[in-house]
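What follows draws every value from the coordinates through simple rules; no lab data is involved. Note that the coordinates shown come from a computational prediction; the quantities given were computed from them, not determined experimentally. Cβ placement follows ideal geometry from the backbone for every residue including glycine, while neighbour counts extend to all protein chains displayed.
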Amino acid sequence: MQTQRLSIKHYIIIGSMLFGMFFGAGNLIFPIHLGQLAGAHWLTAGGGFLLTGTLLPLLGIIAISVTHSSGIYDLARPIGQRYATGFMILTCATLGPLFATPRTATTPFQIGIASHVSAGQAPLFLLIYSLIFFSVTYWAARKPTGIVDTIGKLLNPLFLILLALIFGLAFTHPLGTAATANPTVAYQQDAFLNGFLQGYNTMDALAALLFGIAVVTAIRGMGQRQPAAIAKTAAKSSLLSISLEALIYLGLIWIGATSLSQFKLSADGGIAFSQIANAFMGVPGEIILAIMATLTCLTTAVGLATSFSEALHAKFPTVSYRTWNRLSCGASFLIANIGLDQIIAWSTPMLMFLYPLAITLIILAIGSPLFHNDPIVYRWTTALTLIPAVLDALRSAPAVIANTDWVQRLLALDDTYLPFAKLGLDWAVPALVGLLIGLSWHLVRAFMGARTYNVN
């Protein structure tokens, strides 16, 4: 099986594709908002944000490369086929038509259009905007092999030019000094941990598990055939894109912190970014921001629609890729018209549930060669992570769920018996205990097997 040697140009194209797929709606507005929340502690909070916003997605791509998995189902299969199917469906739904993909349309609309139309006109304008947005998304994602040209070669350069313009003005004419910005109460003591949890909102760790399918497809299209070569190419390309993303994140967080000198803490990063752009360039600045947000969110929407359709078509081949793509774009269009606030409110509990499971899965996959991919290690770790993950989801759910009596009683037990529960990290200790039990079981079985072999 021959493999074509790739040039630096190929790595840049694949890295650009990954950057475009990762950097979307949340990646643009959440860092800005984090900077305003953290104030003078922006760098500490940024460090936590980079762990879940950049390092964890990079590890997700590496996990797929190490295990030679074709996607999220293969990666989770050591835990069990039913679990792998359920985890894949939940992740695809979260990144697809339930939350992430609709958000790619509502975020740029909120940033660039909503403030210029009346409240009564907003639903109609959102309907028209989202219809055009997802029509383009469906067209661009109709053929998986076209994703490199669509994202890597066309949209990313335009986005980077617009972003560089905003950064140039912000760094040469800063709105204020970040060191003197007052942090909110939550970020006065726990800036790093809060930044870590804010990174969940990007959904990039989940996206990394899903995008592995698109990465493998694109690399094979360039002539790579051997699994080891594909894995190496994916790891190198993802490092390139994630490094660029990390630099942009820190710049956005810093800009958010400096903006407190002229603006009050905003309700969300979209409003803050719009105010900042207006401060630098007036209405033309807001227009540039609207174009930039639309471009970056469109690239992510194409990546999400492609990966969603690829993953579910591979698992359920009787349904065509085109049908899954239509379902993704059509459902995303409908849910987008519910509005950004409702999408974020209901996506948070799902992220608090899925992220601990994704983090442990990524760590287990990378370390799997050390314990020979033994399912017992996967299952113990996942089983003890699952319960606190459910509790985290209930804690962050909308009030109609979180404030019910039975949920409050469960959360009181969670706070009493699980460390770091109030910080949203109550899963960490149980996951570690599960890992130690699984590894111990693996070592005992390996020792017994070796002893039996020696006796015979």
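With everything on Cα atoms, drop me the angle between helix 227-258 and the longest principal axis of the chain, reported from 0 to 90° to the nearest 10.
40 degrees
For the Cα atoms of the chain, what angle does the longest principal axis make with the long axis of helix 269-315, in degrees from 0 to 90, nearest 10?
30 degrees
For residue 404 and residue 283 in one chain, what is 0.36 nm times their gap in residues minus the Cα-Cα distance, to one decimal in nm? Don't skip to the answer; put the middle values down first.
Numbers: separation 121, 0.36 × 121 = 43.56 nm, distance 4.55 nm.
In short, 39.0 nm is gained.
Please give me the summed charge of the neighbours of residue 27: other residues whose Cβ is under 13 Å from its Cβ, Lys and Arg +1, Asp and Glu -1. If you can, show how the numbers build up before the last one.
Details: positive: 103; negative: 204, 245.
Net charge around residue 27: -1.
Which whole-Hz ³J(HN,Hα) couplings does the stretch 75-81 yield from phi under the Karplus relation 6.51 cos²θ - 1.76 cosθ + 1.60, θ = phi - 60°, glycine and proline marked x?
With coefficients 6.51, -1.76 and 1.60, one gets 5, 8, 4, x, 6, x, 5 Hz.
Looking at the P(r) of the stretch 181-274, how many percent of alpha-carbon pairs lie beyond 20 Å?
Details: 2359 of 4371 pairs.
When every Cα pair of the stretch 181-274 is considered, 54 percent fall beyond 20 Å.
Give me D for the stretch 374-456 in µm² s⁻¹, whole number, from Stokes-Einstein with Rh from the Kirkwood sum over alpha-carbon pairs, 4 °C and 1.567 mPa s.
89 µm²/s
Within a Cβ distance under 14 Å of residue 438, other residues only, what is the Lys/Arg minus Asp/Glu net charge? Walk me through the intermediate numbers first.
Details: positive: 379, 445; negative: 374.
Charge balance near residue 438 sits at +1.
Report, ordered by chain and residue number, the lysines lying within cross-link reach of residue 143, taken as a straight Cα distance under 24 Å and ignoring same-chain residues fewer than 8 apart.
Candidates past the 8-residue exclusion: 9, 153, 315.
Using Cα pairs under 8 angstrom and six or more residues apart, how large is the relative contact order of the stretch 241-376, in percent? Provide the component values of the computation, followed by the final result.
On the way: 36 pairs, mean separation 12.7, N = 136.
Worked out over the stretch 241-376, it gives 9 percent.
Out of the chymotrypsin sites (Phe, Trp or Tyr not before Pro) in the stretch 398-434, which ones are loop residues according to DSSP with at most 11 other C-beta atoms within 10 Å?
On the way: sites: 406, 417, 420, 427; in loops: 420, 427.
Within the stretch 398-434, no chymotrypsin sites (Phe, Trp or Tyr not before Pro) qualify (loop, at most 11 other Cβ atoms within 10 Å).
Counting C-alpha atoms alone, how compact is the chain: give Rg to one decimal and Dmax as a whole number, in angstrom.
Using the Cα atoms of the chain, the pair Rg, Dmax is 22.2, 82 Å.
With the contact rule set at Cα under 8 Å and sequence spacing of 6 or more, what percent relative contact order holds for the chain?
Values: 732 pairs, mean separation 140.4, N = 456.
Value for the chain: 31 percent.
Kirkwood-based Rg over Rh for the stretch 329-419 (C-alpha set), two decimals?
Working: Rg = 16.9 Å, Rh = 15.3 Å.
Rg divided by Rh gives 1.10.
Quick one: angle between helix 321-336 and the longest Cα principal axis of the chain, in degrees between 0 and 90, rounded to 10, please.
Helix 321-336 sits at roughly 50 degrees to that axis.
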